[in-house]
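Take this structure, written in structure tokens, and hold onto it; I'll ask about it next.
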Amino acid sequence: MDYETKVFPHTGGYGRYNRIVVVFSWFPSFAVTLNLFSDVFYTLIPDSYHCKPDPTLLPSAFLLSNFSTQGYLNLTIPWVNGSGRSQCELYKYPPNSSDLSENAPRERVPCTTGWEYSHVAGLQSNFVTEWNLVCSDYWKIPVQHICFMTGWILGYIFLGTLCDWLGRRRGFLLSVSLSSLLGVAVCLSRSVVVFLLLRLSQGASLAGLFVSSYIARLELCDPPHRLMVAMVSGFFGVVAELLLPGIAVLSRDWPVLQAVATLPLVLLLSYWCCPSVFPESPRWLLATVQIPQAKRSLQEFSKRNGVFLQDDLYPGETLLSEIDSVYGEDSQPRYHTALELRRTRVIWKNCLILGFTLFIGTGIQYCFTKNLHTFSNKFYFSYFLRVVTGALACIFLCLSINHFGRRGMLLLSAIITGLSSLLLLALTPYLQGGLVLVLSVVGLLFSQALAMLSAFFTCEVMPTVVRGGCLGLVLALGCVGRAASSLMELQNNGGYFLHHVVFASFAVLSVLCIMLLPESKRKPLPDSMKDGENQRRPPLFLSQPTRDSLPLLHTRAPLSEYNPDNYSRLVSATRKMLTKDSLPYRIAVPAHPPLLSNNETQEPETLKDVS
């Protein structure tokens, strides 16, 4: 049954209640983004730091009162040519030495009593400064980021699939409950291992929260409003990123910042008590053949939108009776998982291509932000420039997608991203700093547009019955691209050039893959696996309207008098009228059968005539 044309308009369409539910579905985007990018402040390394001087490494005759603070540091901390004081070493003098000059016999040893840090951007203490994750322990920072992204990958896959089994609302409530509980636990963590495990678990729950809310809001919209609803949720994320530095400055310590980031998740728990602000998707209920729940949900939506679905003199003409005629009153629910993609061809191809483009869009952003760091070492410069380009990417998609189509703009974003990356690879040594900055900003803008559009496109072309699992798979590939940057940091950016070359090549290759995608502009969302398989690739360039395409023999198809919709209505109406206790008329039926049948009464008369 076509939900977009036969069900959705009869429940009020994109009415007042649908708009209210969509507004409440935007707040999870703010909460998820706040918790996602707070990780940037947790793992930010201070601009300058050095070892704390250790008096036990100095000669026994050393008197601190004879030296100034600067002289004391010069005696204890080595100088490194071109970079100032050493960050990881101290001088160790012989115990009985009295010579403290530069030519004195001394050796370099690792830090023994910790480090002294300069002011961290936003926070006064974070994950790095509390557990001294510098020098030999620096590798724990990218490992923490990889663990966090691994949690997101697992959450996207498993909780996304769970949304197809339990529903959008149950998946949402489960994810927000887990993320709130784990967010509070992260605030109380006091060791590196516990912190890593809790962040991994919280990342998984946040991923489920993002998937469930993203799907639910799009399934409540008609085709003209889907793009705007998705992009406004992106603007909620941009607002969270803009507010995050100010929240970090006010919080000062990372546990306080974690508590503030967890607060919106705790507020989302109020959706437990108010089912009307985040109801179950009636589209999903109908696609999985949960007929009683779907009818109750449709009645609730129609009532709140000012449209009433109730039986009248001709119940076959109502929406609910038509649903009964199509699915039957005793139909059993049918659930699907992403594992069924193995038996599909078109759906699997679309999922693989969109996952590939999202992987490129997230992974190549590291290459562009790395060039921003070479232009300016200020943390806030690269941070706010990335946020502004994200907002511009949302605006660009809002203004262009409905005019030029999803596939065309995805193709344009991939082309510009690939060209910007190739130009930076080939011409960076020969370009001025301003041109490098322009190419990096353009590449960053269109790579973010590529990532946003890939996720939105996936949600539009995947069937309702497996939309959660498919979107989770695609977003998980995007997290793999994010984690690739942490692998480069784990090797001290030793493979940065190879990383840039690989992702630039992938961006060029994706141009050919995007041509195989269907177009979903102004089209209804597919609900069943059959609907997803029936999507076809349209031509990229439309044919000229003046082209002569008349067939040699013009034949007209015969008109069919059979209409399956009218027939189903007639059958439903007849069945329901016959099952009613009170009929508008009643056929008289004799209470007792006659003593003799017609044949028996005719036999005596025949015998009498013969005689």
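The numbers here are math on the coordinates, done by the rules we state, and not lab data. Model, not experiment: these values are computed from the prediction. Cβ sites come from the backbone with ideal geometry, for glycine too, and all protein chains shown count toward neighbours.
Is the shape of region 85-191 best called rounded, prolate or oblate, per the rule: a/c under 1.5 gives rounded, else a/b larger than b/c gives prolate, else oblate, with a ≥ b ≥ c the square roots of the Cα gyration tensor eigenvalues?
Since a/c reaches 1.5 and a/b is larger than b/c, the shape of region 85-191 is classed as prolate.
Spin-label point model (7 Å from Cα, Cβ direction): what's the Asn74 to Glu533 distance in nm?
8.1 nm
In what sequence, highest mean first, do 383-392, 361-370 appear when ranked by Cβ atoms within 10 angstrom?
Ranking the peptides 383-392, 361-370 by packing returns 361-370, 383-392.
In terms of the Cα gyration tensor, with a ≥ b ≥ c the square roots of its eigenvalues, is region 223-263 rounded because a/c is under 1.5, prolate because a/b exceeds b/c, or oblate?
It is prolate, given that a/c is not under 1.5 and a/b is the larger ratio.
Set the Förster radius R0 to 30 Å, insert the Cβ-Cβ distance between Ser505 and Leu339 as r into 1/(1 + (r/R0)^6), and round the FRET efficiency to 0.05.
About 0.45, to the nearest 0.05.
May I pose another question? Rounded to the nearest 0.05, what FRET efficiency is calculated for Ala426 and Ser270 with R0 set to 60 Å and r the Cβ-Cβ distance?
Between Ala426 and Ser270 the formula returns 0.65.
Using a Förster distance of 22 Å, how high is the FRET efficiency between Asp54 and Ser191, based on the Cβ-Cβ distance and rounded to 0.05?
Computed FRET efficiency for Asp54 and Ser191: 0.35.
For labels at Gln491 and Tyr138 in the simple 7 Å Cα→Cβ model, what's the distance in nm?
About 1.6 nm separates the two model spin labels.
If you don't mind, another one. What span do the alpha-carbon atoms of region 13-62 cover on each of the three principal axes, reported in whole Å from largest to smallest?
86, 15, 9
Specify, per residue and in Å³, the volume enclosed by the convex hull of the alpha carbon atoms belonging to region 398-542.
Roughly 125 Å³ of hull volume per residue.
Measure up Lys92/Lys378; Lys349/Lys370; Lys52/Lys92; Lys6/Lys349 against 23 Å on the Cα-Cα distance and list the ones that go over.
From the list (Lys92/Lys378; Lys349/Lys370; Lys52/Lys92; Lys6/Lys349), the Cα-Cα distance tops 23 Å for Lys92/Lys378; Lys349/Lys370; Lys6/Lys349.
Exactly which GluC sites (Glu not before Pro) in region 460-524 are in a DSSP loop and have at most 10 other Cβ atoms within 10 Å?
Loop-located and lightly packed - none at all.
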